[in-house]
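Heads up, the thing below is written out as structure tokens.
The values are calculated or read from the model by the stated rules, or taken from the named source; none is laboratory data. In this text, all values refer to a predicted model and were calculated from it rather than measured experimentally. FYI the Cβ positions are ideal-geometry reconstructions off the backbone, even for glycines, and counts take in every protein chain you see.
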Protein chains: 2
Amino acid sequence: MRWSSSYIPTLKEAPAEAEVISHKLLLRAGMIRKLTSGIYTWLPFGLRALNKAANIIRQEMNNAGSQEILMPSVQPADLWQESGRWQKYGKELLRFKDRHERDYCLGPTHEEVITDLLRGEVRSYRQLPLNLYQIQTKFRDEIRPRFGLMRGREFLMKDAYSFDCNDEGADKSYKNMFEAYNKIFTNMALNFRPVEADTGAIGGNFSHEFMVLAETGEDTIAACTNWPNCTFAANVERCAILPPKTINSDSCPDMEEVATPNSHTVEEVAEFLHVSTKNILKTLLFMADGKPVAALLRGDRELNLIKLKNLLDVDELEFATPEQVQQLTNAPVGFAGPHSLIGVDTVIADYELQTANDWIAGANKGDTHVLHLSLQRDCKITRYADIRNAEAGDVCPHCGKPLELKKGIEVGHIFKLGTKYSEAMHAVYLDENGKENTIIMGCYGIGVSRVVAACIEQNNDENGIMFPPPLAPYEIIIINLDPKNQAVNAKCEELYVHMKEKNIDVLYDDREERPGIKFKDADLVGIPLQLIVGGKSLEKGVIETKIRKIGEKSSISAENYKADFENLYQEMLNAWK
Amino acid sequence: MRWSSSYIPTLKEAPAEAEVISHKLLLRAGMIRKLTSGIYTWLPFGLRALNKAANIIRQEMNNAGSQEILMPSVQPADLWQESGRWQKYGKELLRFKDRHERDYCLGPTHEEVITDLLRGEVRSYRQLPLNLYQIQTKFRDEIRPRFGLMRGREFLMKDAYSFDCNDEGADKSYKNMFEAYNKIFTNMALNFRPVEADTGAIGGNFSHEFMVLAETGEDTIAACTNWPNCTFAANVERCAILPPKTINSDSCPDMEEVATPNSHTVEEVAEFLHVSTKNILKTLLFMADGKPVAALLRGDRELNLIKLKNLLDVDELEFATPEQVQQLTNAPVGFAGPHSLIGVDTVIADYELQTANDWIAGANKGDTHVLHLSLQRDCKITRYADIRNAEAGDVCPHCGKPLELKKGIEVGHIFKLGTKYSEAMHAVYLDENGKENTIIMGCYGIGVSRVVAACIEQNNDENGIMFPPPLAPYEIIIINLDPKNQAVNAKCEELYVHMKEKNIDVLYDDREERPGIKFKDADLVGIPLQLIVGGKSLEKGVIETKIRKIGEKSSISAENYKADFENLYQEMLNAWK
């Protein structure tokens, strides 16, 4: 494509409302334009990236035996009433009436529609398993749309649904999709992790989020450093932490009190005593369904309330008030310790506290702490357990190697639905014995628009986007530095024809613009490989080149460019491996 | 694709609600399923046809220099208020409020959105012309959705919009799209006609409908028999009819009265007098804005009220009441003639009446007609004009060859919008002199879902669909008649691999079903070429073949099938030329 006949309206500055980098660059590179809050038009350059993402997804879904269909956007309310979601879904579900005053919604997801389709079609186990997908526009009426494509209202999504006779089949379908998703994001050349999306118990896990890693990601995940040999990753808040392999029973000197005037926080105590916060034991007091509970963890760690609540199996878990702390410790807030609490029957210690046996803790006395506290000797611990967020260096629950923390953007989610919809909507089949059984379902989504945004969040620098080749609207840009120079034009045309013959997506910047503008635009729109044709370099017999990701300029022969180009193209691809 | 792993749920009978053949066959061939009134899911086999249509359109739009974008489905009301269509559009426009009580609609068309986009982008004449298109789901809340995909509520549409500096440019854009549309429907191997969609005046015509010809079509068009050398076609009601080249002035015997007791209608008079209705002159009396008018035409022709009203340039045109007829003719209804009317100053005669000079007409006297009426001698004709519907044999207003009548289904519409939207929404550009001008627009639609339905309406027989190869979900079906026979399986696999290597879309019916079912299904789903592999024919060294459109079975060598196949494939393609 020639830039002169392409509509790629680049901008020097992004509109002020654009908060995140992908939103800014999508606007600046002429990929999208806003129609209204959370709703965008895809311009030609952006649509090419969107279609590349969609086609990679399509290819691997087909390879995995899923079949493409296209369901309607407008869905009748009665199906949602049947599944019970008409009441439950809330205001994100855009509802309306047609001219005959019948209720409908604009589909945010398609479990009801596909379950309705299948229950009208499937009679026998012979028709199963089945896996159907679509790539289609969805609508979710977000209360506060923001971050451009990251949290929009109308967006493109791939959603797939599997239908199996039994759990074994459903698990196989899930695994098949898990593998397809890994291939999809690998084929997109994105740095990603599949993340366990339930509490992270080892073994049968039937919900994974696929996260594109980016410093700007909203989610923090604990990922195994042994990737890709070990694929474990989990949201830090949901990542299981194992007990230590060996329990430290080193002897501990006698406990002794030390004055710590005005040192309430872990940091203040550490500073006052000239020790690391890691040497301090933190005692947190709660009221769990009205009964006092103490939770102990290392001074530098964050308690995970959800884990603690699940462990205690209580309905209400609240921090103790200053008055309650005074009662339970006989001291003001900031000096609690586990060795002499008053009326606290339940003391939960984080697993990690078993790795040492000599702690500094509150003395349950104002302005005082104790040194040499041994949990084994001095305290009555109800249970050692996993009650904190995962941190870098924690042990991978799958392979035992260290975990590291990463920021991520969710782009996909796979889920074993079980019989949630098939039971509510009576989607059944007859088994080999003529007995009626409920179909077991799974659902598998990818936010296609979001993939494009996440790709940009992951791959950019101060000059603009750095598209990975599989998602790049064009793989190569030919930059004509002097459209008035016949030799330059001729060489550009020659290169352009050559690329097209090789079926490479090529953009030829033939515009009548200054070289400075062309360089800036080329970097901004992020095409992986630049071929720069100028009068001076042509006289020297070379074409300048730049691999956008690497940045430095190089050159190839202007005359015998074909072989050089092959190597250069390969080098560009390798930069993404 | 193997049928055993394809979801193609064919049906023996179509649901009773399916009225038209395309709806029946789309359901029976497992292409679509109904979700709710006028809203359908595309199943895998149907979606393949839909995508083939979309890709042919995409290809030719790109070739014509139009660029693909993707606009949102959900559109804010304020744009529609600006264009004035929020009030005018009526109930077909599906309106709703979002969670913040702001008004939106579900896009039935995108003039407002694209005009809003362009007015924010275009500053200078240098940015024009521009032509953008999208292939996207539309919604129109039809009062009575019916005929399956022919009049659905949610459907896939290609809509393009052109933007030019001046009329000359806009006309060029229109012509460019006219040609692209001709290529699109030609490439689909559909029998179609572009139809002039205004009153059909010769020369500058800026609205065309593209009609797929089918006996079941709702529209009747007059098309030139000289196609494709002459592309003229028009709706019969809007087709211009030219005056005859030579006026007949043959001498006419003296007028004489003849008794025609109880013969009121043209047919009754013709039968009574043993003449053709073509020899009778029909006199129709009207009140035009309160004044009497007579319209004359040949006995076998239909008056076109719109043409007459436009010609008279009146606000109201009504048939004269029996009392008025009595007054104007001094006779009861059925015996009016143009030679002795009372107080009728305006007498319009159809052009065709100039081709003869000896007519039978009413005598303006009860139960009486006259023979040998000469309009030139006996009557005062105000004007000869075009006041009837076109008929087969009328002269093409473009080339002079005869017209023929065809039934058609509208699948595309191109339209020069002018400044309707750009003026209302202030979409302007600065010209070479820095002067502000309004952008001239055109819009160009194709109903992609409707193309698939129209294709089936045009191409079917009692056994099912006959897909033209470019729109066929698969071009070839390999029918395995005996999946228990090793030699048959091996030959089928060999053929299957060969077709796939040749990049032919092939469906392999490997199901464990009886041959009868497979034959019926193959005919039903309408794949253009069938390769039938059975044990008996294999023993004879042949593979049976059937070109769906031709019907008769033939055979090719089972051993050296490659060359035979090439010829057969070519023969199949030729059947569609």
* Are any of the residues in the range A:228-238 outside the structural domain of A:ALA363 (by TED's automatic domain parsing), among the hydroxyl-bearing types (Ser, Thr, Tyr) and either surrounded by 14 or more Cβ atoms within 10 Å (Cβ to Cβ) or touching a residue at least 40 places away in the same chain (Cβ under 8 Å) (or both)? -> yes
* Structure fact -> Restricted to the range A:14-27 and to residues being in a loop (DSSP other than H, G, I, E, B) and aliphatic (A, V, I, L, M), the residue surrounded by the fewest Cβ atoms within 10 Å (Cβ to Cβ) is A:ALA16
* Asked: Any chance the range B:95-109 includes a residue that's acidic (Asp, Glu), in the same structural domain as B:ILE440 (by TED's automatic domain parsing), surrounded by 15 or more Cβ atoms within 10 Å (Cβ to Cβ) and in contact with an Asp or Glu (Cβ under 7 Å, 6 or more places away or on another chain)?
  -> yes
* Structure fact -> Contact list, first residue from the range A:512-524 and more than 16 Å from A:VAL488 (Cβ to Cβ), second anywhere and part of a helix (DSSP H, G or I), beta-carbon distance below 7 Å, six or more apart or interchain, is A:LEU524/A:ARG28
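Based on this model, can you work out whether A:SER4 counts as among the hydroxyl-bearing types (Ser, Thr, Tyr), away from chain B (no Cβ under 11 Å) and surrounded by fewer than 22 Cβ atoms within 10 Å (Cβ to Cβ)?
no
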* Structure fact -> With criteria (1) part of a strand (DSSP E or B); (2) closer than 30 Å to B:GLU179 by Cβ, B:GLU215 comes up short on (1)
* Asked: For B:SER263, are the conditions met, namely being exposed (fewer than 14 other Cβ atoms within 10 Å of the Cβ) and not in a strand (DSSP E or B)?
  -> no
* Tell me, which residue of the range A:112-129 that is β-branched (Val, Ile, Thr) and at the interface with chain B (Cβ under 10 Å from one of its Cβ atoms) is surrounded by the fewest Cβ atoms within 10 Å (Cβ to Cβ)? -> A:VAL122
* Asked: Looking only at strands (runs of 3 or more DSSP E) that fall completely inside the range A:274-363, which ones have 2 or more residues that are in contact with a strand residue (DSSP E or B) (Cβ under 8 Å, 6 or more places away or on another chain) and closer than 30 Å to A:SER249 by Cβ?
  -> A:281-288, A:291-298, A:346-350, A:359-362
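Conditions (1) buried (at least 23 other Cβ atoms within 10 Å of the Cβ); (2) assigned to a loop (DSSP other than H, G, I, E, B); (3) within 14 Å of chain B (Cβ to nearest Cβ), marked per residue:
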| position | (1), (2), (3) |
| --- | --- |
| A:TYR161 | yes, no, yes |
| A:GLU179 | no, no, no |
| A:ILE184 | yes, no, no |
| A:ALA222 | yes, no, no |
* Asked: Within the range A:540-554, how many residues turn out to be in contact (Cβ under 8 Å) with a residue 60 or more places away in the chain and hydroxyl-bearing (Ser, Thr, Tyr)?
  -> 0
* **Matching entry among A:PHE45, A:PHE96 (being assigned to a helix (DSSP H, G or I) and either within 13 Å of another protein chain (Cβ to nearest Cβ) or touching a Cys at 6+ places or on another chain (Cβ under 6 Å) (or both))** => A:PHE45
* Asked: Can you tell me which of A:LEU26, A:LEU11 is closer than 16 Å to A:VAL448 by Cβ and more than 9 Å from chain B (Cβ to nearest Cβ)?
  -> A:LEU26
* In this structure, does A:THR109 turn out to be of a type in the set (S, T, N, Q), outside any helix (DSSP H, G or I) and more than 9 Å from chain B (Cβ to nearest Cβ)? -> yes
* **Options A:LEU296, A:LEU312, A:LEU285; residue that is in contact (Cβ under 8 Å) with a residue 60 or more places away in the chain and either under 39 Å from the mean Cα position of the chain (by Cα) or buried (at least 21 other Cβ atoms within 10 Å of the Cβ) (or both)** => A:LEU296
* **Lone qualifier among B:LEU79, B:LEU70 - being closer than 23 Å to A:PRO44 by Cβ, within 12 Å of chain A (Cβ to nearest Cβ) and either in contact with a Phe, Trp or Tyr (Cβ under 7 Å, 6 or more places away or on another chain) or of a type outside the set (A, V, I, L, M) (or both)** => B:LEU70
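Residues are listed down the side, and each one gets a yes or a no for (1) β-branched (Val, Ile, Thr); (2) touching a helix residue (DSSP H, G or I) at 6+ places or on another chain (Cβ under 6 Å); (3) within 27 Å of A:HIS372 (Cβ to Cβ):
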residue	(1), (2), (3)
A:VAL258	yes, no, yes
A:GLU267	no, no, yes
A:PHE272	no, no, yes
A:LEU297	no, no, yes
A:PRO322	no, no, no
A:GLN326	no, no, yes
A:PRO332	no, no, yes
* Structure fact -> Of (1) under 20 Å from A:LEU70 (Cα atoms); (2) more than 13 Å from every other protein chain (Cβ to nearest Cβ), B:GLU168 satisfies every one except (1)
* To do: Name the one entry in B:GLY30, B:GLY65 that is part of a loop (DSSP other than H, G, I, E, B), touching a residue at least 40 places away in the same chain (Cβ under 8 Å) and surrounded by 19 or more Cβ atoms within 10 Å (Cβ to Cβ).
  => B:GLY30
* Asked: Can A:THR10 be described as assigned to a loop (DSSP other than H, G, I, E, B), at negative phi and of a type in the set (Val, Ile, Thr)?
  -> yes
* To do: Sort out which residues of the range B:130-151 are within 10 Å of chain A (Cβ to nearest Cβ), in a loop (DSSP other than H, G, I, E, B) and either more than 18 Å from A:GLU101 (Cα to Cα) or more than 21 Å from the chain's Cα centre (by Cα) (or both), and write them in order of number.
  => B:ASP141, B:ILE143
* Structure fact -> The lone condition B:SER207 fails out of (1) hydroxyl-bearing (Ser, Thr, Tyr); (2) closer than 30 Å to B:PHE467 by Cα; (3) touching a helix residue (DSSP H, G or I) at 6+ places or on another chain (Cβ under 8 Å); (4) surrounded by fewer than 18 Cβ atoms within 10 Å (Cβ to Cβ) is (3)
* **Test for B:LEU156: is it modelled with pLDDT of 95 or more and either in a helix (DSSP H, G or I) or within 14 Å of chain A (Cβ to nearest Cβ) (or both)** => yes
* Structure fact -> Of those in the range B:529-562 that are within 22 Å of B:ALA575 (Cβ to Cβ), at pLDDT 95 or above and basic (Lys, Arg), the residue surrounded by the fewest Cβ atoms within 10 Å (Cβ to Cβ) is B:LYS549
* Asked: Hey, A:ARG58 hits all of (1) part of a helix (DSSP H, G or I); (2) farther than 18 Å from B:ILE135 by Cβ; (3) within 11 Å of chain B (Cβ to nearest Cβ); (4) basic (Lys, Arg) but one; which does it fall short on?
  -> (2)
* Residues being in contact (Cβ under 8 Å) with a residue 24 or more places away in the chain, of a type outside the set (A, V, I, L, M, F, W, C) and either touching an Asp or Glu at 6+ places or on another chain (Cβ under 6 Å) or surrounded by fewer than 17 Cβ atoms within 10 Å (Cβ to Cβ) (or both) - total across the range B:371-402 -> 10
